[in-house]
Structures are given as C-alpha cells and as structure tokens.
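Let me begin by presenting the structure, written as structure tokens, before commenting on it.
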Ligand SMILES: Nc1ncnc2c1ncn2[C@@H]1O[C@H](COP(=O)(O)OP(=O)(O)O)[C@@H](O)[C@H]1O
Ligand SMILES: [Mg+2]
C-alpha cells in the first residue's frame, strides 16, 4: 500500500538549524494547522536551535495569541516571555498581522501627512484596506518584506492568511497590480503618466471626457471619491509594485523554505498538490509537506483483526470494555488507512518532496507547552 511513508522524511530540525535559512513560510488550505505549525516551529527554532526568531501570525486563535502575549492592538513584534531559551540563547518574538494598520503604515511612509489624511478619509481606501479580496494576502507580503528589511532576526517564520485558496498568497501582488491597472484606473491615470502637470489637474481634465457617462453608472460622489483615491494611490503606485516584486524575489531565494501544511483530507491534500505545482512554476523553494492531525493507532493491529477479536470476545461473553476498546481501535485503524491513502495522492504526484506526519493531539493547541509538543512531534514523528 502506498503511503506518505514512501516520501523522503522531512527533517525540520535541519531546516530550523540552518543559518542559511532565513524565512520559513507555512502555507496550505484553511484550518489545517498553518498558524499552529508556524508558531511551533518558531518556538522550536528559538528554544532548540538558539535562533533569534520572529513569527508573523495572521489569524491566531484567541487563546494561542494570548499565550504568546499578543493583543489585537499590536502590529509589531513583541518578545515572547517565559520560554525555555536559557541554554540555547535564542529568542522568540511574535506578532499578529493587522491588515489595516499595515496598509495605513504604507500610505504614511509614501505620502505627506496631509495627503495621507485625505486617503484615510476616502471611502474607497476604507473599503479596500479592510475588505478588498487579496488585501490581507498582500499585506502579509508587505509585512514580511518589512521584517526582512529590518534584518534583526536570524529566522522569520510566516503564517499565511486563511484564504479560500492557498494560492491567494502568491497571487496577491499580481491581483493588486491588476486592480491598480484596471481599465478605468488606467483611463484616469493615463494623462498624468504622459504629461508633466500636476496629478490633480490631469485627473480632473481626464474626467471631463467621460465622467458624464460614468457618473450615470456610478454616481457623482462615488466618482469623486474614486478619483481622489486613484490620484492619491498613484503617488505610491510604483512603490507598491516594486516592493511586491522585491518580496517575490526573496521568496524565490535559497534563504526561503516553504512548508506545505495539509490535513489528511481530500480537499487539503488536493490544495497542497496544487500549491506544490505552483511553487515549482514560480521557482520557489518547497522544503516539504507537513501532514498535520494524522491518526495513528498505538498498537499494530489492523481493523479486521481487531474486529474479529471483538466478535470472538462477544461470543465468549468476554469483558464489555475490552470489546469496546477493540472496536474503537478498529475504527481508528481504518481511519489511519484512509488517511494514508489520501496522503499518498500527494506523494504520488510529488515523490521527491519530503514529508512528515504530526499526530492529532487530544485537544486544541493553545499554549506554549502545546506548541512545544507539536514542534517535537514534527521533528521526531
Ligand atoms: N496536531 C494537532 N492536533 C490537535 N489540534 C490541532 C493540531 N494542529 C492544529 N490544531 C488545532 O486546529 C485548529 C486550527 O489550527 P490553525 O493552526 O489555527 O489552522 P490554520 O491556521 O491552518 O487555519 C486550532 O484550534 C488548533 O489548535
Ligand atoms: Mg491560521
């Protein structure tokens, strides 16, 4: 029977200990354990490998965030206290992405305060900075670029947004560019790009030509808002694109290791396979697959044998609890077989990608001890 065991074993400790690895990106479908894995690996890098580590979490569960000392009001890394780094000399810093604050910071960095205030007040900006599809993915890239540029950490571990599709993270810069490049926006911006006069004059002049038509469709106020937004964004246009491209190149570099996280379920494994293909296309370094929340029976007894033993015991009028245990074991053994079959689909498609399995814990992982357990499980499955 093919199984994930057929893949080369992923050695996470080797990655975490390698000084040449500066960025680890955890990606995969929603709910598979990306945030947990990212936090667990960062903790392990600090405690076991003495690295000065920062973890960028996107949507940590409330209790996990609290146990890392994170609050929603924060958009910068804070050192995590109370971890075991005395022997290793490492450090763990953690932060939680605040999408809107990150966007605001970008605006503030690239415009003067008066113009920034104008942008913040614009309804288009307000909508885009808090709800535009892809903004969170884009801002995660932006934040990664910022952390990398600060050069303060040996290792940056990145969690990725809970996108419907894991591919959204890679598509974000292109999508933002497409938005900024949109037909209507291009029309608005076209005069400004060729002429030397002030942006405002040109946008206003540009409007004259087709605003009557558009006004009927969009409404006058909306159009004024949009023109203001576009005019303001234009000053940052180059900056956005340039930084997105920079981050893209960092993601392609040897200092980066992508880890795909998947649960042993069809959808998650399919998503992981898509993503692996995509990384290959983009020439981004895929280090391996973390198969999270797998079920493994503690004893080597297959489902059929276990059920047969249960039936025999019933016939003999044996102990009821033992019968129940045998039946429960049979169910677990069956699930383990199913999970292996699902995981094998990935390994068949990407036989050279190293993989490791992490056993499902009896409860959610919401504190440092839990993260340590996961980190150890990833390293010594
Ligand atoms: N190996 C595991 N065993 C048990 N629970 C887990 C495991 N990995 C993750 N979890 C739990 O699953 C839930 C989803 O994990 P999370 O890391 O938030 O997923 P994602 O970031 O991919 O959406 C959390 O409640 C987390 O505590
Ligand atoms: Mg998450």
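The values are calculated or read from the model by the stated rules, or taken from the named source; none is laboratory data. Nothing here was measured: the structure is a model prediction, and the numbers come from that model. Here the Cβ positions follow ideal geometry from the backbone for every residue, glycine too, while neighbour counts run over all protein chains shown.
What residue, of 365, 353, 358, 294, is away from ligand 1 (no atom under 16 Å from the Cβ), under 23 Å from the mean Cα position of the chain (by Cα) and buried (at least 18 other Cβ atoms within 10 Å of the Cβ)? Spell out how you get there, then give the answer.
Numbers: 365 fails: away from ligand 1 (no atom under 16 Å from the Cβ); 358 fails: away from ligand 1 (no atom under 16 Å from the Cβ); 294 fails: away from ligand 1 (no atom under 16 Å from the Cβ).
Of 365, 353, 358, 294, the one residue that is away from ligand 1 (no atom under 16 Å from the Cβ), under 23 Å from the mean Cα position of the chain (by Cα) and buried (at least 18 other Cβ atoms within 10 Å of the Cβ) is 353.
Would you confirm whether any residue within the stretch 88-100 is touching a helix residue (DSSP H, G or I) at 6+ places or on another chain (Cβ under 8 Å) and assigned to a helix (DSSP H, G or I)?
Yes: the stretch 88-100 contains one or more residues that are touching a helix residue (DSSP H, G or I) at 6+ places or on another chain (Cβ under 8 Å) and assigned to a helix (DSSP H, G or I).
Output the number of the condition that residue 62 fails; it satisfies all remaining conditions of (1) modelled with pLDDT of 90 or more; (2) in contact with a strand residue (DSSP E or B) (Cβ under 8 Å, 6 or more places away or on another chain).
(2)
Using the structure shown, decide if residue 115 is touching a residue at least 60 places away in the same chain (Cβ under 8 Å), outside any strand (DSSP E or B), touching a strand residue (DSSP E or B) at 6+ places or on another chain (Cβ under 7 Å) and over 19 Å from residue 367 (Cβ atoms). Give the steps one after another, and end with the answer.
Numbers: touching a residue at least 60 places away in the same chain (Cβ under 8 Å): yes; outside any strand (DSSP E or B): yes; touching a strand residue (DSSP E or B) at 6+ places or on another chain (Cβ under 7 Å): no; over 19 Å from residue 367 (Cβ atoms): yes.
Criteria not met by residue 115.
Just to be sure before I move on: is residue 86 within 21 Å of residue 39 (Cβ to Cβ) and without any contact (Cβ under 8 Å) to a residue 12 or more places away in the chain in the structure I sent? Explain how you work it out, then say what you get.
On the way: within 21 Å of residue 39 (Cβ to Cβ): yes; without any contact (Cβ under 8 Å) to a residue 12 or more places away in the chain: yes.
When the stated conditions are applied, residue 86 passes them.
Show the residue pairs meeting these rules: Cβ distance below 7 Å; 6+ apart or different chains; first residue within the stretch 358-379 and farther than 26 Å from residue 287 by Cβ and touching a residue at least 60 places away in the same chain (Cβ under 8 Å); second residue within 6 Å of ligand 1 (Cβ to nearest atom) and part of a loop (DSSP other than H, G, I, E, B).
Matching pairs, first to second residue: 366/61.
Quick one: would you say residue 326 is modelled with pLDDT of 95 or more and over 14 Å from residue 263 (Cβ atoms)? Don't jump to the end; show me each part of the working.
On the way: modelled with pLDDT of 95 or more: no; over 14 Å from residue 263 (Cβ atoms): yes.
No.
Against the condition surrounded by 18 or more Cβ atoms within 10 Å (Cβ to Cβ), in contact (Cβ under 8 Å) with a residue 40 or more places away in the chain and in contact with a helix residue (DSSP H, G or I) (Cβ under 9 Å, 6 or more places away or on another chain), how does residue 344 come out, does it pass? Full working, then the answer.
On the way: surrounded by 18 or more Cβ atoms within 10 Å (Cβ to Cβ): yes; in contact (Cβ under 8 Å) with a residue 40 or more places away in the chain: yes; in contact with a helix residue (DSSP H, G or I) (Cβ under 9 Å, 6 or more places away or on another chain): yes.
Spelling it out, residue 344 is indeed surrounded by 18 or more Cβ atoms within 10 Å (Cβ to Cβ), in contact (Cβ under 8 Å) with a residue 40 or more places away in the chain and in contact with a helix residue (DSSP H, G or I) (Cβ under 9 Å, 6 or more places away or on another chain).
Can you name the residue in the stretch 14-30 that is more than 20 Å from residue 275 (Cα to Cα) and touching a helix residue (DSSP H, G or I) at 6+ places or on another chain (Cβ under 6 Å) and is also surrounded by the most Cβ atoms within 10 Å (Cβ to Cβ) among such residues?
Per the criteria, the residue is 16.
For (1) within 16 Å of ligand 1 (Cβ to nearest atom); (2) closer than 25 Å to residue 38 by Cα; (3) modelled with pLDDT of 80 or more; (4) buried (at least 22 other Cβ atoms within 10 Å of the Cβ), each residue gets a yes or a no:
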{"site": "110", "(1), (2), (3), (4)": "no, no, no, no"}
{"site": "127", "(1), (2), (3), (4)": "no, no, no, no"}
{"site": "137", "(1), (2), (3), (4)": "yes, yes, no, yes"}
{"site": "150", "(1), (2), (3), (4)": "no, yes, yes, no"}
{"site": "154", "(1), (2), (3), (4)": "no, yes, yes, no"}
{"site": "157", "(1), (2), (3), (4)": "yes, yes, yes, yes"}
{"site": "162", "(1), (2), (3), (4)": "yes, yes, no, no"}
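Enumerate the strands (runs of 3 or more DSSP E) found wholly within the stretch 253-369, keeping only those where 2 or more residues are within 16 Å of ligand 2 (Cβ to nearest atom). Give the steps one after another, and end with the answer.
Details: elements: 256-262, 286-294, 355-359.
Qualifying strands (runs of 3 or more DSSP E): 256-262, 286-294.
How many residues, within the stretch 31-44, are near ligand 1 (Cβ under 7 Å from one of its atoms) and either without any contact (Cβ under 8 Å) to a residue 60 or more places away in the chain or over 13 Å from residue 266 (Cα atoms) (or both)?
Taking the stretch 31-44 and keeping what is near ligand 1 (Cβ under 7 Å from one of its atoms), we get 31-37.
Still in the running and either without any contact (Cβ under 8 Å) to a residue 60 or more places away in the chain or over 13 Å from residue 266 (Cα atoms) (or both): 31, 33-37.
Residues meeting the conditions: 6.
Restricting to the stretch 49-96, give me the number of residues that are within 14 Å of ligand 1 (Cβ to nearest atom) and farther than 24 Å from residue 137 by Cα.
1
I need the helices (runs of 4 or more DSSP H) fully contained in the stretch 1-75, keeping only those with at least 3 residues that are farther than 14 Å from residue 378 by Cα.
Details: elements: 12-17, 34-49, 62-67.
By residue number, 34-49, 62-67.
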